[in-house]
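The values are calculated or read from the model by the stated rules, or taken from the named source; none is laboratory data. Being a predicted model, the structure only gives us computed values, none of them experimental. Note that each Cβ is placed from the backbone with ideal geometry, even for glycine, and that neighbours are counted across all protein chains shown.
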Amino acid sequence: MSKILALLTISYVFFQIKCVNSAQHTYNLGRNSAVVNTGVHKCANGRNSEVTFSVDATLHAKSTTRTNFGNGKNVNNRMRELNSQRSDHKGHILASVFGGPAQIWNLAPQADNLNRKYRCRTSILNVWYDCEKWILNELNSKRNLPVRVKVRLSYKDRSCRPTHWSIDARSRSGSGCQALNIRNGNLPFGACQRAG
């Protein structure tokens, strides 16, 4: 009986630690909203830092203003803290066109192929871009709204740079798009060229 009680106590303490190290926030983004899940993760420098694990957005309209992270000292320091690579973009987790703000919770190092359209031998490399385009088309049509969008970021131990990005979007009609576990890395050499 004492072993069971000890196991329950350890499980409870672990659960409490997990709860303390994670948070959920709701943001009003004009006509849109987002529930953001963040948590503490160990970075390459051995320090813990808060990272975004997921954004669940409810979209009713595209944003009329675009946001940009710019080159400010705080943003550049944050990118270094997140273990960004030299060619990474200052990526919006929730795209600016959907109301994603230039705030720290919405910033993550993003490989070029997740942030730009490419002319490729295979369309699989444009699946993230195509899904965001589908969402934008749904918002522009103003039918079957809202569009519910879930963005998930995956991390490996001792790195605060996402290894994979996933997006799942569904309109009120049930139609949708997915781009699951897209590697946040370089494109295969010679497979693609950046489109215009």
### Message
Just the residues that are under 14 Å from Gly176 (Cβ atoms) and touching a residue at least 40 places away in the same chain (Cβ under 8 Å), please, taken from the range 139-157.
### Response
Leu139, Leu145, Pro146, Val147, Arg148, Val149, Lys150, Val151
## Note on the structure
Within the range 52-66, of all residues that are touching a helix residue (DSSP H, G or I) at 6+ places or on another chain (Cβ under 9 Å) and closer than 20 Å to Ile167 by Cα, the one surrounded by the fewest Cβ atoms within 10 Å (Cβ to Cβ) is His60
### Summary
The one condition Ile93 fails out of (1) under 23 Å from Asn37 (Cα atoms); (2) in contact with a Lys or Arg (Cβ under 6 Å, 6 or more places away or on another chain); (3) of a type outside the set (Ser, Thr, Tyr); (4) at pLDDT 95 or above is (2)
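One line per residue, one yes/no per condition, for (1) in contact with a strand residue (DSSP E or B) (Cβ under 7 Å, 6 or more places away or on another chain); (2) assigned to a strand (DSSP E or B); (3) not β-branched (Val, Ile, Thr):
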| position | (1), (2), (3) |
| --- | --- |
| Gly39 | yes, yes, yes |
| Gly46 | no, no, yes |
| Asp56 | yes, yes, yes |
| Asn74 | no, no, yes |
| Arg78 | yes, no, yes |
| Arg86 | no, no, yes |
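When the range 145-162 is examined, which residues are found to be assigned to a loop (DSSP other than H, G, I, E, B) and among the hydroxyl-bearing types (Ser, Thr, Tyr)? Give the steps one after another, and end with the answer.
Taking the range 145-162 and keeping what is assigned to a loop (DSSP other than H, G, I, E, B), we get 145-146, 155-162.
Hits for the range 145-162 are Tyr155, Ser159.
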